[in-house]
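A.B. asks: Got a structure here, written out as structure tokens. Questions coming.
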Amino acid sequence: MRQNAKKVSPMSNEGRNAYVIKHLTDAFLSLLAEKPLEDISISELVDTAGVGRASFYRNYKRKEDILKAYLDTLFREWTDEWKKNDGVPLSKQIHTMIVHFEKHHSFYQLLNERGLTYLLKDVIIGICGPKPEYEKTQAYTTAFVAYTLYGWIDVWFQRGMVESADEIAELFSAQGLL
């Protein structure tokens, strides 16, 4: 007796998971543009994404985790540049970060409109804030710069990002913060 060949998806587990994550992210951002975070249910999200509920929970614990993962993806290109440019003046690095925000203006404005810019704080502090190995002066100095930068970016978003990235970088530098 001959056994039937098992039908296997041509997509790898990694490929399927990337597909699920992309669809959940796209659906979530689309729903977030329509309504506040708290009004989006997991059921609505997975229905809109066209994936199973288990797919959501296999990748995320909470809806905010989708935004955190998306922020990590957006920042990965920028952090790769940051690491390559080690030794470049902080003012140039800050300018590059601000240009990043300007490049993804619509996404960051959506975060602002929905009161979710606090999610950026951890990303900014993680990138340019203090590290455990820093000596005390460097730790406090980098904390000051990182938290100040987050505050400036939050205000910039609240103002509708009317100033250009160059203007924000110049204002930041003019304050003697760099």
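A.B. asks: For the range 155-176, what are the residues that are among the charged types (D, E, K, R) and either in contact (Cβ under 8 Å) with a residue 24 or more places away in the chain or not assigned by TED's automatic domain parsing to the domain that holds GLU113 (or both)?
C.D. replies: So the first thing to find is which residues in the range 155-176 are among the charged types (D, E, K, R), and the list is 159, 163, 166-167, 170.
Of everything in the range 155-176, just one residue is among the charged types (D, E, K, R) and either in contact (Cβ under 8 Å) with a residue 24 or more places away in the chain or not assigned by TED's automatic domain parsing to the domain that holds GLU113 (or both), namely ASP166.
A.B. asks: Does any residue in the range 105-123 that is touching a residue at least 60 places away in the same chain (Cβ under 8 Å) come within less than 7 Å, Cβ to Cβ, of a residue that is surrounded by 15 or more Cβ atoms within 10 Å (Cβ to Cβ) and part of a helix (DSSP H, G or I) six or more places away or on a different chain, and which pairs are these?
C.D. replies: If the second residue must be surrounded by 15 or more Cβ atoms within 10 Å (Cβ to Cβ) and part of a helix (DSSP H, G or I), the pairs left are LEU110/LEU32; ARG114/LEU32; ARG114/LEU37; LEU116/LEU37; LEU116/LEU67.
A.B. asks: What number of residues in the range 142-178 are of a type in the set (Ser, Thr, Tyr), part of a helix (DSSP H, G or I) and farther than 27 Å from LYS68 by Cβ? Talk me through it step by step, then tell me what you get.
C.D. replies: Taking the range 142-178 first, the residues of a type in the set (Ser, Thr, Tyr) are 142, 147-148, 150, 164, 173.
Those still in the list that are part of a helix (DSSP H, G or I) too: 142, 147-148, 150, 173.
Now narrow it down to the ones that are farther than 27 Å from LYS68 by Cβ: 173.
The number of residues fulfilling the criteria is 1.
A.B. asks: Yes or no: the range 120-136 includes at least one residue that is part of a loop (DSSP other than H, G, I, E, B), hydrophobic (A, V, I, L, M, F, W, C) and not assigned by TED's automatic domain parsing to the domain that holds GLU38.
C.D. replies: Residues of the range 120-136 part of a loop (DSSP other than H, G, I, E, B): 129-135.
From what is left, the residues that are hydrophobic (A, V, I, L, M, F, W, C) are none.
Looking for residues that are part of a loop (DSSP other than H, G, I, E, B), hydrophobic (A, V, I, L, M, F, W, C) and not assigned by TED's automatic domain parsing to the domain that holds GLU38, one finds none in the range 120-136, hence no.
A.B. asks: Name the residues in the range 38-69 that are surrounded by fewer than 17 Cβ atoms within 10 Å (Cβ to Cβ) and either aromatic (Phe, Trp, Tyr) or touching a strand residue (DSSP E or B) at 6+ places or on another chain (Cβ under 8 Å) (or both), would you?
C.D. replies: TYR57
A.B. asks: Under 8 Å by Cβ, and 6 or more places apart or on different chains, what pairs join a residue from the range 19-47 that is among the polar types (S, T, N, Q) with one that is assigned to a helix (DSSP H, G or I)?
C.D. replies: What qualifies is THR25/ILE66; THR25/ALA69; THR25/TYR70; SER30/THR48; SER43/ARG53.
A.B. asks: Go through the residues of the range 95-107 one by one and say whether even a single one is in a loop (DSSP other than H, G, I, E, B) and not basic (Lys, Arg).
C.D. replies: So in the range 95-107, the residues in a loop (DSSP other than H, G, I, E, B) come out as 104.
Still in the list and also not basic (Lys, Arg): 104.
Looking for residues that are in a loop (DSSP other than H, G, I, E, B) and not basic (Lys, Arg), one finds at least one in the range 95-107, hence yes.
The values are calculated or read from the model by the stated rules, or taken from the named source; none is laboratory data. The model shown is predicted, which means the values in this text are computed figures rather than measured ones. So basically every Cβ, Gly included, is an ideal-geometry build from the backbone, and we count neighbours across all protein chains shown.
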